[in-house]
Amino acid sequence: MRFFRTPKWFRLLWPQYEWNIKNATKSIYLTFDDGPHPEITPWVLDVLDKFNAKATFFVVGENAKKYPQTIDKIIEKGHKVENHTFHHVKGWNTSISEYEKNIVECDSCIPYRTTKYFRPPYGRITQKQGKQLINKGYQIVMWSLLTYDYDKKLNLKRASKAINSKTQSGDIVVFHDSEKAEKQLKFLLPKYLENINSKGFEILSLP
């Protein structure tokens, strides 16, 4: 069973993390994980331009280091670039010191940054890791709407219908600008933005 919307009880377990943007009026907050990719990310940027949409890209540091021109293009287009660790590590399997080292290394690959948002890969982060990062000034961003675009077995028509019907004001929505997600992303993203745009939602990067 797929939970396109993050269950409320789940969010209540970790209230210190950002699951949605409270009091948002007719707005959604678009995010992309696991990039940048030299071909897929520019495609995403073109689609966003078409719908006058802004987004936040949670980048993997080793990808950002390989493709700095793609990072520059994201920033030039007025989007945000934020931290998704350097090696896309799972917090549950990583020591606090190694996890923090991965995050600091990713930070060094992100230029012109005015915020300190962090999204844990797979959403997996321990309580101690989270507490330490918050103490160091990071805001840990999760999501309220997951597209499952990383799943190659995804029923695309059902997924498209689900994310369109379940979207609410203030949602933090997750897509992935990665090779694994490419086919699913290219089906879902244009249709989603067209639908949301027609309903009068503003499509924003994180505030």
Checklist entry - Quick check, is Ile196 farther than 25 Å from Gly91 by Cα and either polar (S, T, N, Q) or assigned to a helix (DSSP H, G or I) (or both)? => result yes
Checklist entry - Taking the condition closer than 20 Å to Thr6 by Cα and of a type in the set (Phe, Trp, Tyr), does Tyr150 pass? => result yes
Item to check | Filter result (surrounded by fewer than 19 Cβ atoms within 10 Å (Cβ to Cβ) and either of a type in the set (Val, Ile, Thr) or farther than 20 Å from Ser205 by Cβ (or both)) within the stretch 89-108 | outcome: Lys90, Trp92, Asn93, Ser95, Ile96, Ser97, Glu98, Glu100, Lys101, Val104, Glu105, Ser108
Next on the checklist: Can you list residue pairs whose Cβ atoms sit under 7 Å apart, with the first residue in the stretch 105-132 being at positive phi and the second being of a type in the set (A, V, I, L, M, F, W, C) and outside any loop (DSSP other than H, G, I, E, B)? Count only pairs 6 or more apart in sequence or on different chains.
Outcome noted: Tyr112/Ile75
Item to check | Matching residues, the stretch 157-184, being β-branched (Val, Ile, Thr), touching a Lys or Arg at 6+ places or on another chain (Cβ under 9 Å) and part of a strand (DSSP E or B) | outcome: Val174
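When you look at Lys54, is it at pLDDT below 95 and under 21 Å from Trp143 (Cβ atoms), yes or no?
Here the answer is no, as Lys54 does not meet what is asked.
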Item to check | helices (runs of 4 or more DSSP H) fully within the stretch 1-88 counting 3 or more residues that are closer than 15 Å to Ser144 by Cα, free of Cβ contacts under 8 Å to residues at least 40 places away in the same chain and of a type in the set (A, V, I, L, M, F, W, C) | outcome: 8-13
Item to check | Test result for Phe51, in contact with a strand residue (DSSP E or B) (Cβ under 8 Å, 6 or more places away or on another chain) and of a type in the set (Phe, Trp, Tyr) | outcome: yes
Next on the checklist: part of a loop (DSSP other than H, G, I, E, B) and of a type in the set (A, V, I, L, M, F, W, C): which single residue out of Leu133, Leu154 fits that description?
Outcome noted: Leu154
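The values are calculated or read from the model by the stated rules, or taken from the named source; none is laboratory data. What you see is a predicted model, and the numbers here were worked out from it, not measured in a lab. Methodologically, a virtual Cβ is constructed for each residue, glycine included, from the backbone with ideal geometry; neighbour enumeration extends over all protein chains shown.
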